C-alpha cells in the first residue's frame, strides 16, 4: 500500500540507512516519517538543483542558509564540475540549461512545501503513523443460525384392543357378512397370517399403485393441531392392516371412503342407500376412533328390532369391542348407564327416552352419539328428538337411508341434532343444500356397486277374483257415499280408513278367502321352491300374513312381524337361511323392512303396496344388497282397476318428478309419501253445496 | 413385558425436509409405531437463509440447513424418541455424524440388490435403504430392528404424510 508511493520509498530508504548506522542490521525496515529529516533533505535537494541547473547563479547573501546547508557544497561542486571537465558543451553565449535526465522528482509540489521549510520550530507535532505490512480483512463473519422454531403435536393414547386370534386363515373365511354373520372362525385377517414374523420371505411387490384412502381434515377443523391430527393418520388400507384388526372381508373402496369421512366428522349424516353397508362403515369408524384415542365412550341408539342386528354386526366386524346393551329393569339399566369402562352402549329409542328422564339430573356423557334410522327424530318437537338433542356429547352422527321421508324440513331436525344449525331455526332449501355438502354422505348402488347383480322389478297387474271384485265395488260405493254425506266435516282420516278397507279387499276377500294375488303367488312359489330358491314377502298387515301362512302351509313359510317376541326373531332368520325346506319368509313392512341382511334370497314379493316407495325400497334391499350373488326379482302385486293402481300411478309420478329434479341417485332423498291432498285425490270427492255439489280436498302442501 | 408389548413400543422416526418457494426450508419428523400409527410430530418454522449465508454456503447451503440445522433440531426436540430414523433425503444422512442413532436413507435406486454387492443397502418393508458411508455398522442394527416392520409396508407413504403436514403448517403460517 504505502510501498508504492514515492514518499514511502524515500522514507524506507532513510530508515534503512538509519538502521544500518545504528547497527540494527537485522531489524525489518519500518517505514517511519520524520518531518525534520524530510524538511532538511528537501531543502538540500532544492539548493543542489538550483546550482546544477544554473552554475552562474550565486546564492544571494540575503538568502538564509540553514546550518545544514553548509554541508552541501561538496556535492554541489562535484556536480558543477561535470560539464566543464568533459568540455562537451560549447558555450554559445546564451545561458545553457542542463537537464539531469536521471533526476526524478521525489516530492510532488504541493502547498505544504513552504510550510515544511519553516522547520520544526513552528510547533509541528510529530505523529507516528503505523503502516500495515500486509492487508487484513475489515469484517469478520462466523456461521450462525438463529434458534430454529419448532411446532409439535403429540397424539393421544388409543384404546387398547384385545390381541387378535391367530388361527384365522384366508381359506377359512366365508366372505359373507349375512344372516347370523360369520363366526370368529370364519373371519379372515386382512394381513396374511404370520406376515409380521421375522425372517419370512416378503410377498411379491405389487407393481400397480395401491389404493389409498386418506383421512381428510373436516371442514370445521380450524386449528392446525386438529388438521394435522387427521393429515398424519395413515391411509385406512394400511391402518386396518397394520393394526391387525380382523374384518370378515375387505371393505369396498367406497366403504373405505365412508369410514375415512366418518372418522373425521364431528357431525355427520351417513345416508347411503340401503344395502351399501352403513352399519359396517359406522362400526369400523368407531373402532378406529377408539383406537386413535379420539373417543372413549359411545352411545348407539337404534329401533328396538334392530338391536340384535347391531349385536351381530359388532360381533362380525369388531369382535374385540365390548358392547353393553341397555336392558332389564330400571335399577339394572341405571347401573348400565353409569358403568365405567364400557366403550360402547347400545340402546333403543324407547329406553333412551324413558331413562334420560330418569337420569335428567346427571345425564351420562358421551364422546360420540349415533342415531341409527335417524328419521325417528324427524319431528323436532317429539320426545325422542328432544331427548336425543339433550344428551351431552362431543360428536353426533346420524344414519339413515331415507333422510327425508316426507318434507325437506325433516332435515332441519337432523341438522339440529347434529348441532350445525341453531336451535329451532328453519333453514331454507338453499341452506339445506349447502349444509348437505358438508355433513351428508350419500351414495347409491347405481354409483358404487356396479358389480352388484341386477334387480328386476315386475308389476303384476291382476284382475280381482269375482268375489273380491263384488266386495270391492260395494265397499267403494258405500264408502264414497258415506264420505260425501259428511260434507265439510270430512277429514283425511275418514278417507284413509276407506283406502285401507279397499286395499285389504284387494289382498283377499274376507268371507270367501278368494284372492287373485294368492293364486299368482302360489304359482310363483311352486317354481321357487322347486329350484331351491328363497323368497321374502312383505305386507302391510299381519292379518294378511296370517291368512297367507294358512293358505301357503305346504311351503312351510316362516313369519316375522311385530307380533313375534324379539327373542324368537333371530332364530327365525337363521332358520330361513339354513333350512332348505323353508323357502318363504313373510314379513311386515314395519318390522322387516329395515336393518336385516337377507341377501341369500333372490325373490321379493310386495303383496300390497306401502305408502312410501322409500320404505318399499328398504324392504327390497333386504335381499338386494352386498353379498347378493344372483339377480333379485321383485314382484309388485297391483290389482287392476282398484285403488292400488291409482296409488301406484301417483307414486310413480312423484318418483319421476323428483328424479328429474334431483337425479336418479337421490330419488329416496325426497318427499315420496302421499300427502293428504294426494290421498283425497284418489277419489272424486264432492260435498253438497246448495242444490249441487263441489269438489273438496285439502290444500296441497306449500312448495 | 410381553413380546407384543415390546413390539408395540418400537418407534420409527420419519424425517424429511423441503424447500418451500419464497418461504425457506422446513423440516418435519413423524414418530410412528411399527404400523405407521402416528405418535408424535415435530416440524420447524420456515428457515430462510439470508443473502450472506446463500453466498458463503453456495451449493452446500441446502444440505447444511436440512441435514444439520433442521434435522438436528427436530431430533433434539422430539419427546417420543425413536429407535431409528429414516429419511428420504440424502442430505439428512449427515445428521448421523451428530446423533447416536442409526439412520437409513431411502435409496433412490430401488432395484433389487444383492447384499454382498452393496455394502450399505438393505430393505425395510418394501423399500431399499442405505446408511451413511461412515457408519456402515448401522446397517446391521437397522436390519435387526426393522424386522418388526411388516414386510409389505410401504415406507414411502409416511414421508408423504410429513410433506403434506409441512405444507399445511406453512400454509397456516405456523
- Residues being more than 9 Å from chain A (Cβ to nearest Cβ), touching a strand residue (DSSP E or B) at 6+ places or on another chain (Cβ under 9 Å) and surrounded by fewer than 17 Cβ atoms within 10 Å (Cβ to Cβ) - total across the stretch B:63-88: 1
- Message: Given (1) within 18 Å of residue A:443 (Cα to Cα); (2) touching a helix residue (DSSP H, G or I) at 6+ places or on another chain (Cβ under 6 Å), identify the lone condition not met by residue A:261.
- Response: (2)
- Query: Given (1) closer than 21 Å to residue A:589 by Cβ; (2) modelled with pLDDT of 90 or more, where does residue A:556 come up short, assuming only one miss?
  - Reply: (1)
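Mind listing whichever residues of the stretch A:585-603 are farther than 17 Å from residue A:541 by Cβ and buried (at least 19 other Cβ atoms within 10 Å of the Cβ)? Before you say what the answer is, go through the steps one by one.
As a first pass, look at the stretch A:585-603 and keep what is farther than 17 Å from residue A:541 by Cβ: A:594-603.
A:594, A:595, A:596, A:597, A:598, A:599, A:601, A:602, A:603, listed by residue number.
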- Given A:505, A:480, which one is modelled with pLDDT under 85, in a helix (DSSP H, G or I) and either in the same structural domain as residue A:609 (by TED's automatic domain parsing) or in contact with a helix residue (DSSP H, G or I) (Cβ under 8 Å, 6 or more places away or on another chain) (or both)? A:480
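Any residue in the stretch A:419-430 that is in contact (Cβ under 8 Å) with a residue 60 or more places away in the chain and not in a helix (DSSP H, G or I)? Give the steps one after another, and end with the answer.
Within the stretch A:419-430, the subset in contact (Cβ under 8 Å) with a residue 60 or more places away in the chain is A:419-420.
Next cut, not in a helix (DSSP H, G or I) only: A:419-420.
The answer is yes; a qualifying residue exists.
For (1) over 22 Å from residue A:400 (Cβ atoms); (2) in a helix (DSSP H, G or I), each residue gets a yes or a no:
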site: A:563; (1), (2): yes, no
site: A:567; (1), (2): yes, yes
site: A:570; (1), (2): yes, yes
site: A:597; (1), (2): no, no
site: A:618; (1), (2): no, yes
site: A:630; (1), (2): yes, no
site: A:635; (1), (2): yes, no
- Task: Could you grab me the full set of residues in the stretch A:528-562 that are within 21 Å of residue A:644 (Cβ to Cβ), in contact with a helix residue (DSSP H, G or I) (Cβ under 8 Å, 6 or more places away or on another chain) and surrounded by 21 or more Cβ atoms within 10 Å (Cβ to Cβ)?
- Result: A:535, A:536, A:537, A:538, A:539, A:540, A:544, A:548
- Note on the structure: Of the residues in the stretch B:34-62, those that are more than 7 Å from chain A (Cβ to nearest Cβ) and buried (at least 21 other Cβ atoms within 10 Å of the Cβ) come to B:34
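Do we have any residue at all in the stretch B:78-86 that's over 18 Å from residue A:152 (Cβ atoms) and at pLDDT below 90? First the steps, then the outcome.
From the stretch B:78-86, those over 18 Å from residue A:152 (Cβ atoms) are B:83-84, B:86; that's our starting set.
With at pLDDT below 90 added as a condition, the list becomes none.
There is no residue in the stretch B:78-86 that is over 18 Å from residue A:152 (Cβ atoms) and at pLDDT below 90.
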- Query: Is one or more of the residues making up the stretch A:622-633 in contact with a strand residue (DSSP E or B) (Cβ under 8 Å, 6 or more places away or on another chain), surrounded by fewer than 22 Cβ atoms within 10 Å (Cβ to Cβ) and under 24 Å from residue A:547 (Cβ atoms)?
  - Reply: yes
- Residues in the stretch A:387-423 that are over 27 Å from residue A:359 (Cβ atoms) and touching a strand residue (DSSP E or B) at 6+ places or on another chain (Cβ under 7 Å) total 1
- Task: Sort out which residues of the stretch B:116-138 are at pLDDT below 85 and surrounded by fewer than 12 Cβ atoms within 10 Å (Cβ to Cβ), and write them in order of number.
- Result: B:116, B:117
- Message: For the stretch B:155-170, which positions are within 16 Å of residue B:48 (Cβ to Cβ) and facing another protein chain (nearest Cβ under 9 Å)?
- Response: B:169
- Message: Going through B:91, B:141 one at a time, which residue ends up being away from chain A (no Cβ under 14 Å) and either without any contact (Cβ under 8 Å) to a residue 24 or more places away in the chain or surrounded by fewer than 19 Cβ atoms within 10 Å (Cβ to Cβ) (or both)?
- Response: B:141
- Item | Whichever residue in the stretch A:404-418 is in a helix (DSSP H, G or I) and modelled with pLDDT of 85 or more and, among such residues, is surrounded by the most Cβ atoms within 10 Å (Cβ to Cβ) | A:414
- Note on the structure: Log entry, pairs with first residue in the stretch A:204-227 being over 21 Å from residue B:110 (Cα atoms), second being at pLDDT below 70 and assigned to a loop (DSSP other than H, G, I, E, B), beta carbons closer than 9 Å, six or more apart or on different chains, reads A:224/B:174
- Message: Restricting to the stretch A:460-474, name every residue that is at pLDDT below 90 and surrounded by 22 or more Cβ atoms within 10 Å (Cβ to Cβ).
- Response: none
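When the residues of the stretch B:94-108 are narrowed to those that are out of contact with any helix residue (DSSP H, G or I) (no Cβ under 6 Å at 6 or more places or on another chain) and under 16 Å from residue B:138 (Cα atoms), which ends up farthest from the other protein chains (Cβ to nearest Cβ)?
Going residue by residue through the stretch B:94-108, those that are out of contact with any helix residue (DSSP H, G or I) (no Cβ under 6 Å at 6 or more places or on another chain) are B:96-97, B:100-101, B:106-108.
Keeping just the survivors that are under 16 Å from residue B:138 (Cα atoms) gives B:96-97, B:100-101, B:106-107.
Values: B:96: 19, B:97: 16, B:100: 21, B:101: 18, B:106: 15, B:107: 15 Å.
Checked the stretch B:94-108; the qualifying residue farthest from the other protein chains (Cβ to nearest Cβ) is B:100.
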- Message: So in the stretch A:433-459, with the set limited to residues that are part of a helix (DSSP H, G or I) and surrounded by fewer than 19 Cβ atoms within 10 Å (Cβ to Cβ), which one is modelled with the lowest pLDDT?
- Response: A:446
- Message: Restricting to the stretch B:18-33, name every residue that is in contact with a helix residue (DSSP H, G or I) (Cβ under 8 Å, 6 or more places away or on another chain) and more than 11 Å from chain A (Cβ to nearest Cβ).
- Response: B:18, B:19, B:20, B:23
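The values are calculated or read from the model by the stated rules, or taken from the named source; none is laboratory data. As the structure is a prediction and not an experimental result, all values here were calculated from the model. For neighbour counting, all protein chains shown are included, and Cβ atoms are generated from backbone atoms with ideal geometry for every residue, glycine included.
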